[in-house]
Amino acid sequence: MGLESWLPTAASSFAGDVDWLLRFITWIVGIWFLLAEGILVFFIFRYRRRPGVRAAYVPARSLRAMAFVLVPCALILGFDLVIDAVAAPIWQRIKETLPPPQETVRITGEQWAWRFRLPGPDGRFDTADDVEVVNELHLPVGAVVQFELTAKDVIHSLWMPEMRLKQDAVPGRTIRGWFEPTREGRFELACAQICGFGHTMMKALVVVENREAYQNWVRQKAGSAYTTPTENNQN
Amino acid sequence: MSAGTPALHHVNQTHARSFWRTWVFSTDHKTIAKQYMFTGLALALIGGFLAYVIRMQLANPGQPVPGYGTIGPGQYNAVVTLHGTIMIFWVAMPILLAGLGNFLIPLMIGAHDMAFPRLNMLSYWVFFTSTLILLASFFVPGGAAAGGWTSYPPLSDRAVNSGVDLGVTLWILAVALEFAAFLMGGINFIVTAINNRAPGMRLFDMPLMVWMEVAASIIFLFSVGPLIAGAVLLLLDRVANTGFYDPARGGDPLLFQHLFWFFGHPEVYVILLPGFGAVAEILPVFARKPIFGYRMIVYSTIVTGVLSFIVWAHHQFIAGIDPRLATPFSITTILISVPIGITLFAFIATLWRGSISFQTPMLFALGMIAVFLLGGVTGIHNGVPATDIYIHDTYFVVAHFHYALIPSVFFAFFAAFYYWFPKMFGRRTYEWLGQLHFWGTFVFMNVTFLPMFFLGLMGHHRRIANPHFFEALRTPEADRLQWIATLGAIGLFASQIPLILNLILSLVRGVRAEKNPWRANTLEWTVDSPPPHGNFANVPVVRRGPYEYSAPGHSEDYLPQDALA
Amino acid sequence: MQYARAAHIEHESTEVPTGRLGIWWFLASEIVIFGGLISVYVLLRWRHPEWGAESTHTINAAGAFNTLVLLTSSLTVVLAHKAVSEERLREAARLLGFTLLGGLIFLCVKAFEYAHEIREGFVPARSLFWSFYYTMTGLHALHVIGGMVAIGCVLVALRRGRLPHRVEYVGIYWHFVDVVWIFLFPLLYLTS
C-alpha cells in the first residue's frame, strides 16, 4: 500500500519496525474491510425487492446457522491475536527496554517550550560544563540516545514524527525512553498533548549531525546550563 | 390513588391540563423524549458550528472565520473542547439514549409509561439545567473550558495553567449534572424493562432496541461512578485548593486519566448501542426478514458491555503508565472487536435472501453499517501499542473515532428518526428530502473524514490551531487534504438542510400517518400515531418475538407481537 | 403482602416490587461512586505511608460513637419496616423518627469534629490525607442529609397512613449510608 508516501521519511532505528507494522495491520484489516463491504454491497443489490419474491425466513436460532457469523468472527479474532503477537516485541523493544545509551538528554516540557539538558563534554550531569538549551537540540547520528523526560507544569508530549517517537511528559514523573537517529537532518519536535494556549506553537528543532559537528556544538554550549535563563519566552 | 384502581384511566383522559403540564412539565415519557431530542438536536447545531470553525481554521490558519471572526489559539482550544463535549454529552446521549429510549421503551414493551414518570420529568429538567450551565460557560470571563473534552489535569486543575477559571468550573458542574440526569434516566429504563413488560413478553421477546437501551444504561451506571469521584476531586482542586492531581503535593495527574477513561471507554459503547438497536429494528422491517441471530446479538452485547470495562488504558499507552500494561490492555481491546463484529455481521446476514426496499430509514441503517466498518477496522491500528506510538494524538485517531461515532450516532439516529417520525408526530416525512439528506450526509461525511487518516499519517497532531507552523504540514499535499476536509464539512452541514426542511414541512403539512405505515411487528405500531397519553387502552398480550417477518404459513409477511395466530 | 407494592401499579413482570428494584439500581450507581472514591484513597494511601501520622489526629472516639449511632439507626429502620409489615403504622412512624434522630446526632458529632479539626489547623489543603478525609466524610454527610430528607417525607406520609411500602426503600438506602460509613471509619480513623 502507498502508506509510505504519507509517512515522513523514517529517521530512527525502530521507525522501520513501526512502519512495517502499520503496513501489516493495514493489509490484514484492509482485506477484511473490503470483504465485509463487498458482501454488504452485494447483498444490497442481489436482494433488492422484486415483485412476487418473498424474503426467506432465517432467524438463525441454531448454532449451525449462527456459524456463518461466528466462524468469520473467530477468524478475525485469530488474525487480531496474530497482529498483537507480532506487535508485542516491537513495543517491548521501543518502550519496555533501555539499551545502553551513548548519549543521554534530560528533556523538560514546559508552557510553551522544550528545554534540553546534556551532560556536556565531561559526560556527567550536574557538573560545571552541563549544556542547557531551549528549543534546539543537536544529536549525533547513529548513537543510541536515552532521554529522561519530565514536564514542569502540565502534561506535554514529546512528538518526533520522523523518529516514530511519542511519549507524554508528566509533571512529577521522570520517564525514560530511547531512540537512535539514523539519518542526518533537521527534524521538528512538537508537543502532542494539549497544554494551554501556546500548545500550537510549542516546537523544537532537533539537528542530527555527524559526531564531529555534534561535539563542536556541545563544546560551544558547555556551561550554558548556568547561563540560560530559566524562564522561557511566553510570547 | 386507592388500592386496586388500574392505571387504565390514564388513557385518553381529558384532564383540564394546562399547556404547561402537557408540554413543558409533563411526566409523559413521549413528551420527555421529544424534549430531550429537540434539546439534543439544537445543541447539535452548536456543536456542528464549532466543527465548522475548526475546519475553517485548519484550512485557512490565522484567517478570520466567516461567521465567527478571528480565533486566537486560546479560543481555538475552547472551540475544540466544547465541540467534543457538546457532541458526546449534549447531543449523542440525549438524542439516542434519553430521546429514543424514553419514547420507545414503554411502547415497545406494552407499558403505559416508565416505572417512575416523575423521576423521568426531573431527569429532563436536571439535564436542561446542565445545558444552561454549559452554554453559560461561553460567556463568562476567561471563556469556556479549553483543556480538551478529556480535561486532563494539571492543565484543568488550576486556572493559572489554562487561563480559564470559571469556564472550567462550570464545565465540571454541567457534566456532573448531566451525569446525574442520565443516572436517573438509566435507572428508570432498567426498572421499566424489568418490571413493566406486558403479559407474555419474556425478556427474550423484547425488541433489540430495548435490550440495547437497557444495556447502555447499565454500562453507563457502572462506569460513571469513578469519574464522578474524579470530577469532584478536580472541582475541589480548583475551588478548595486541594492537591489531588498535583504531584508537588502528593497527588497524581495520571489518576484522573484512569478515572476518566474507566468511564470514557464504556461511554463509547453507551453511545454506540442505541444506534445498533435502531438498526436492528429497521433492517428486519425493510428486508422483511427476522434479525439474524437475535439471542446471539443479545449475548454479544452483554459480552461487549463486560469487556468494555477492561480496555480503558488503550487511551493511555504512552501516557506514562507502566509500559508492561500496554500489551494486556491491547489484547482486551482486540477481544472486544469480536462481539461488535458478531453484531455487525449479524446485521449484514439479515440482508441475505431478504426483500430489501430502500426508504430513508433503511438507507441510513445500511449507511451506518458501511461507514462504521471503516471506523471499526482502524480501531486495530489504534489498539496496537507499537503503532499507537505514532498515531496517538494525531488526526488518524480523529478520523478513526469520527468514522465510528458519526455512523453510530448520526446515521443511526437519522435512521431511527425517519423510521419512528410517523409514530412520534403522526405525520409521514417527505421521502425525496430524506433521500437527499442521506446521500449528502453519506458522501460528504467521507469527503470530510477520509483525508484525516492521511493527515494523521503525515504527522498532523491534535488540537493545534495552525498546522502551517510545522514543515510537514505546510506542503501542497497537506493543504489540499485540509481543503478537501473543510469543503466536505461544509457539504456535510449543508446536507442537513433537507432534514430541517423535512422536519418543518412534515409537521405542518405531512400526510397523516396510520398506525403501522411500515408493516412492522413491534408493539408501538399497534397504537395510534401519535399514541395517546397512556399508550394502550388495553394492555396487549404478547404471543411471540418481535421479528416474525415472512414467517412460513402466513399470507402476510409480518406478524405483530400481539396478533392472534 | 399488600404493603409491599405501590397501590397504583397493576402488573409487575417479576416478583420484585418496582420500588425495590429502583432503590437497588440507584444504590448500584452510588456504590460505584463511593467505591471509586474509596479505591482512589486506598491506592494513594498505600503510596503515602506518612499519612498514618496525619490520621492520628482524627477523633477516634467520635468516629466510634458515630458508628454506633448509625448502626442503631439502621436497627430502628429495620424495626420500622417490620412494624409496617405487621400493619403497626404508628409504631413504624415512631421508629422512623428515631432513625432521623440518629442521623441528626451523627451530623452534630461530625460538625463538632470538623470544627475541632479546622481549629487545630487540619484543613483540607494541609495534606492530601485531609483532602480525602473531608471529601469522603463530606460526601457521606451529604448522603446522610439526603437520606434524612427522604425518611422525613416517608414519615410524613406514613402518619397519614399512606405509602407504607416506601419504608422498606428508605431503609435499604439508609443501610447503604451505614455501610459506607463502616468502610470510611477504619480507613480514615483507625489505620495509622
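The values are calculated or read from the model by the stated rules, or taken from the named source; none is laboratory data. Please read all numbers here as calculations on a predicted model, not as lab measurements. Heads up, the Cβs are rebuilt from the backbone with ideal geometry, glycines too, and the neighbour counts pull from every protein chain shown.
Assess whether B:A489 counts as being within 14 Å of another protein chain (Cβ to nearest Cβ) and either over 26 Å from A:L189 (Cα atoms) or in contact with a strand residue (DSSP E or B) (Cβ under 9 Å, 6 or more places away or on another chain) (or both).
Working: within 14 Å of another protein chain (Cβ to nearest Cβ): no; either over 26 Å from A:L189 (Cα atoms) or in contact with a strand residue (DSSP E or B) (Cβ under 9 Å, 6 or more places away or on another chain) (or both): yes.
Against the criterion (within 14 Å of another protein chain (Cβ to nearest Cβ) and either over 26 Å from A:L189 (Cα atoms) or in contact with a strand residue (DSSP E or B) (Cβ under 9 Å, 6 or more places away or on another chain) (or both)), B:A489 does not qualify.
For region B:376-398, what are the residues that are at the interface with chain A (Cβ under 7 Å from one of its Cβ atoms) and under 20 Å from A:I28 (Cβ atoms)? Step through it out loud before you land on a result.
If we filter region B:376-398 for residues that are at the interface with chain A (Cβ under 7 Å from one of its Cβ atoms), which is where we start, we get B:377, B:380-381, B:384-387, B:389-390, B:392-393.
Passing the criteria: B:V377, B:I380, B:H381, B:V384, B:P385, B:A386, B:T387, B:I389, B:Y390.
Mind listing just one residue for me: the one in region A:174-205 that is under 24 Å from B:R463 (Cα atoms) and part of a loop (DSSP other than H, G, I, E, B) and, of those, farthest from the other protein chains (Cβ to nearest Cβ)?
Once the filter is applied, the top-ranked residue is A:M202.
Mind listing whichever residues of region B:35-46 are of a type outside the set (S, T, N, Q) and surrounded by 20 or more Cβ atoms within 10 Å (Cβ to Cβ)?
Initial filter on region B:35-46 (of a type outside the set (S, T, N, Q)): B:36-38, B:40-46.
Listed by number, the residues that qualify are B:Y36, B:M37, B:G40, B:L43, B:A44.
Among the residues of region B:362-375, is there at least one that is surrounded by fewer than 20 Cβ atoms within 10 Å (Cβ to Cβ), farther than 30 Å from A:G172 by Cα, within 20 Å of the chain's Cα centre (by Cα) and within 7 Å of chain A (Cβ to nearest Cβ)?
So far as region B:362-375 goes, yes, one or more of its residues are surrounded by fewer than 20 Cβ atoms within 10 Å (Cβ to Cβ), farther than 30 Å from A:G172 by Cα, within 20 Å of the chain's Cα centre (by Cα) and within 7 Å of chain A (Cβ to nearest Cβ).
For every residue, the table says whether it meets (1) surrounded by fewer than 23 Cβ atoms within 10 Å (Cβ to Cβ); (2) under 23 Å from B:G167 (Cβ atoms); (3) at pLDDT 95 or above; (4) touching a Gly at 6+ places or on another chain (Cβ under 8 Å).
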{"position": "B:I54", "(1), (2), (3), (4)": "yes, yes, yes, no"}
{"position": "B:P61", "(1), (2), (3), (4)": "yes, no, no, no"}
{"position": "B:G67", "(1), (2), (3), (4)": "yes, yes, no, no"}
{"position": "B:G72", "(1), (2), (3), (4)": "yes, yes, no, no"}
{"position": "B:V80", "(1), (2), (3), (4)": "no, yes, yes, yes"}
{"position": "B:F89", "(1), (2), (3), (4)": "no, yes, yes, no"}
{"position": "B:I105", "(1), (2), (3), (4)": "no, no, yes, no"}
{"position": "B:Y124", "(1), (2), (3), (4)": "no, no, yes, no"}
{"position": "B:I133", "(1), (2), (3), (4)": "yes, yes, yes, no"}
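Evaluate the following for B:V191: is it under 26 Å from B:R249 (Cβ atoms) and assigned to a helix (DSSP H, G or I)?
Details: under 26 Å from B:R249 (Cβ atoms): no; assigned to a helix (DSSP H, G or I): yes.
Answer is no for this residue.
Picking from B:I340, B:I334, B:I321, which residue would you name as being in a loop (DSSP other than H, G, I, E, B) and facing chain A (nearest Cβ under 10 Å)? Break it down into steps so the answer makes sense when it comes.
Values: B:I340 fails: in a loop (DSSP other than H, G, I, E, B); B:I334 fails: in a loop (DSSP other than H, G, I, E, B).
One residue alone meets the criteria, B:I321.
Out of the residues in region A:117-129 that are surrounded by fewer than 23 Cβ atoms within 10 Å (Cβ to Cβ) and in contact with a Ser or Thr (Cβ under 8 Å, 6 or more places away or on another chain), state the one that is farthest from A:E4 (Cα to Cα). Talk me through it step by step, then tell me what you get.
Step one: filter region A:117-129 for residues surrounded by fewer than 23 Cβ atoms within 10 Å (Cβ to Cβ), giving A:117, A:119-129.
Going one step further and asking which of them are in contact with a Ser or Thr (Cβ under 8 Å, 6 or more places away or on another chain), we end up with A:117, A:119-120, A:125.
Details: A:R117: 34, A:P119: 36, A:G120: 37, A:F125: 39 Å.
In this case the residue turns out to be A:F125.
For A:T26, only one of the following conditions fails: (1) part of a helix (DSSP H, G or I); (2) more than 7 Å from chain B (Cβ to nearest Cβ); (3) touching a strand residue (DSSP E or B) at 6+ places or on another chain (Cβ under 9 Å). What is its number?
(3) is the only condition that A:T26 fails.
Could you check, for region B:458-465, whether at least one of its residues is farther than 21 Å from A:M201 by Cα and either modelled with pLDDT under 95 or buried (at least 21 other Cβ atoms within 10 Å of the Cβ) (or both)?
Let us first name the residues in region B:458-465 that are farther than 21 Å from A:M201 by Cα, namely none.
Scanning region B:458-465 turns up no residue that is farther than 21 Å from A:M201 by Cα and either modelled with pLDDT under 95 or buried (at least 21 other Cβ atoms within 10 Å of the Cβ) (or both).
Across region B:215-230, what is the number of residues that are within 11 Å of another protein chain (Cβ to nearest Cβ), over 19 Å from B:F256 (Cβ atoms) and β-branched (V, I, T)?
Number of matching residues: 1.
Does B:R238 qualify as being of a type in the set (D, E, K, R), over 17 Å from the mean Cα position of the chain (by Cα) and either within 14 Å of chain A (Cβ to nearest Cβ) or assigned to a helix (DSSP H, G or I) (or both)?
Values: of a type in the set (D, E, K, R): yes; over 17 Å from the mean Cα position of the chain (by Cα): yes; either within 14 Å of chain A (Cβ to nearest Cβ) or assigned to a helix (DSSP H, G or I) (or both): yes.
Spelling it out, B:R238 is indeed of a type in the set (D, E, K, R), over 17 Å from the mean Cα position of the chain (by Cα) and either within 14 Å of chain A (Cβ to nearest Cβ) or assigned to a helix (DSSP H, G or I) (or both).
For B:H83, are the conditions met, namely being over 26 Å from B:T522 (Cα atoms) and either touching a helix residue (DSSP H, G or I) at 6+ places or on another chain (Cβ under 9 Å) or not in a loop (DSSP other than H, G, I, E, B) (or both)? Lay out the reasoning, then the answer.
Numbers: over 26 Å from B:T522 (Cα atoms): yes; either touching a helix residue (DSSP H, G or I) at 6+ places or on another chain (Cβ under 9 Å) or not in a loop (DSSP other than H, G, I, E, B) (or both): yes.
So B:H83 passes the test.
Yes or no, residue by residue, for (1) within 30 Å of B:G142 (Cβ to Cβ); (2) among the basic types (K, R); (3) buried (at least 22 other Cβ atoms within 10 Å of the Cβ); (4) in contact with a His (Cβ under 9 Å, 6 or more places away or on another chain):
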| site | (1), (2), (3), (4) |
| --- | --- |
| B:W171 | yes, no, yes, no |
| B:G200 | no, no, no, no |
| B:I219 | no, no, yes, no |
| B:I228 | yes, no, yes, no |
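Could you check region C:146-192 and list, in sequence order, the residues that are within 19 Å of C:V78 (Cα to Cα) and β-branched (V, I, T)?
Initial filter on region C:146-192 (within 19 Å of C:V78 (Cα to Cα)): C:146-159, C:161-182.
Those that are within 19 Å of C:V78 (Cα to Cα) and β-branched (V, I, T): C:V149, C:I151, C:V154, C:V156, C:V167, C:V170, C:I172, C:V177, C:V179, C:V180, C:I182.
Among C:G97, C:G171, C:G152, C:G121, which is among the small types (G, A, S), away from chain B (no Cβ under 14 Å) and over 21 Å from the mean Cα position of the chain (by Cα)?
Working: C:G97 fails: over 21 Å from the mean Cα position of the chain (by Cα); C:G171 fails: over 21 Å from the mean Cα position of the chain (by Cα); C:G152 fails: over 21 Å from the mean Cα position of the chain (by Cα).
Only one candidate passes the filter, namely C:G121.
I'd like to verify a number: residues in region B:286-308 that are assigned to a helix (DSSP H, G or I) and within 11 Å of another protein chain (Cβ to nearest Cβ), how many?
At the first step, the residues of region B:286-308 found to be assigned to a helix (DSSP H, G or I) are B:286-287, B:294-308.
When the remaining residues are screened for being within 11 Å of another protein chain (Cβ to nearest Cβ), the result is B:286-287, B:294-297, B:299-300.
Result for region B:286-308: 8.
Read through the list (1) in contact with an Asp or Glu (Cβ under 9 Å, 6 or more places away or on another chain); (2) of a type in the set (G, A, S); (3) surrounded by fewer than 21 Cβ atoms within 10 Å (Cβ to Cβ), then give the number of the only condition that B:S550 fails.
Every condition holds for B:S550 apart from (3).
Going by what's in this entry, would B:D388 be described as acidic (D, E), on the phi > 0 side of the Ramachandran plot and touching a residue at least 12 places away in the same chain (Cβ under 8 Å)?
Details: acidic (D, E): yes; on the phi > 0 side of the Ramachandran plot: no; touching a residue at least 12 places away in the same chain (Cβ under 8 Å): yes.
Considered against the rule, which asks whether it is acidic (D, E), on the phi > 0 side of the Ramachandran plot and touching a residue at least 12 places away in the same chain (Cβ under 8 Å), B:D388 comes out as no.
Considering only residues that are more than 14 Å from every other protein chain (Cβ to nearest Cβ) and under 18 Å from A:V154 (Cβ atoms), look in region A:206-235 and name the one that is modelled with the highest pLDDT.
Step one: of region A:206-235, the residues more than 14 Å from every other protein chain (Cβ to nearest Cβ) are A:208-233.
Restricting the remaining residues to those that are under 18 Å from A:V154 (Cβ atoms) gives A:230-233.
Values: A:T230: 67, A:E231: 57, A:N232: 50, A:N233: 43.
So, considering only residues that are more than 14 Å from every other protein chain (Cβ to nearest Cβ) and under 18 Å from A:V154 (Cβ atoms), the one modelled with the highest pLDDT is A:T230.
Is there a residue being surrounded by 12 or more Cβ atoms within 10 Å (Cβ to Cβ), at pLDDT 95 or above, basic (K, R) and not in a helix (DSSP H, G or I) anywhere in region A:37-52? Break it down into steps so the answer makes sense when it comes.
Narrowing region A:37-52 to residues surrounded by 12 or more Cβ atoms within 10 Å (Cβ to Cβ): A:37, A:39-44, A:46-49.
Next, from what is left, pick out any that are at pLDDT 95 or above: A:37, A:39-44, A:46-49.
From what's left, basic (K, R): A:46, A:48-49.
Still in the running and not in a helix (DSSP H, G or I): A:48-49.
Among the residues of region A:37-52, at least one is surrounded by 12 or more Cβ atoms within 10 Å (Cβ to Cβ), at pLDDT 95 or above, basic (K, R) and not in a helix (DSSP H, G or I), which makes the answer yes.
If I ask for residues that are without any contact (Cβ under 8 Å) to a residue 60 or more places away in the chain and not charged (D, E, K, R), which ones from region A:112-129 would you list?
Within region A:112-129, A:P119, A:G123, A:F125, A:T127 qualify.
For region B:465-486, which residues satisfy the criterion of being out of contact with any Pro (no Cβ under 8 Å at 6 or more places or on another chain), charged (D, E, K, R) and within 14 Å of chain A (Cβ to nearest Cβ)?
B:E471, B:E477, B:R480
Can you tell me which residue is nearest to B:S355 (Cα to Cα) among those in region B:535-565 that are more than 33 Å from the chain's Cα centre (by Cα) and within 10 Å of chain A (Cβ to nearest Cβ)?
The residue in question is B:A551.
Checking B:A145 against (1) within 19 Å of B:M87 (Cα to Cα); (2) without any contact (Cβ under 8 Å) to a residue 60 or more places away in the chain; (3) not basic (K, R), only one condition comes out false. Which one?
Among (1) within 19 Å of B:M87 (Cα to Cα); (2) without any contact (Cβ under 8 Å) to a residue 60 or more places away in the chain; (3) not basic (K, R), the lone unmet condition for B:A145 is (2).
If you go through region C:55-67 one residue at a time, do you hit one that is at the interface with chain B (Cβ under 9 Å from one of its Cβ atoms) and modelled with pLDDT under 95?
Initial filter on region C:55-67 (at the interface with chain B (Cβ under 9 Å from one of its Cβ atoms)): none.
Scanning region C:55-67, I find no residue that is at the interface with chain B (Cβ under 9 Å from one of its Cβ atoms) and modelled with pLDDT under 95, so the answer is no.
Quick check, is A:F187 among the aromatic types (F, W, Y) and farther than 30 Å from A:I25 by Cβ?
On the way: among the aromatic types (F, W, Y): yes; farther than 30 Å from A:I25 by Cβ: no.
Judged against the criteria, A:F187 is not a match.
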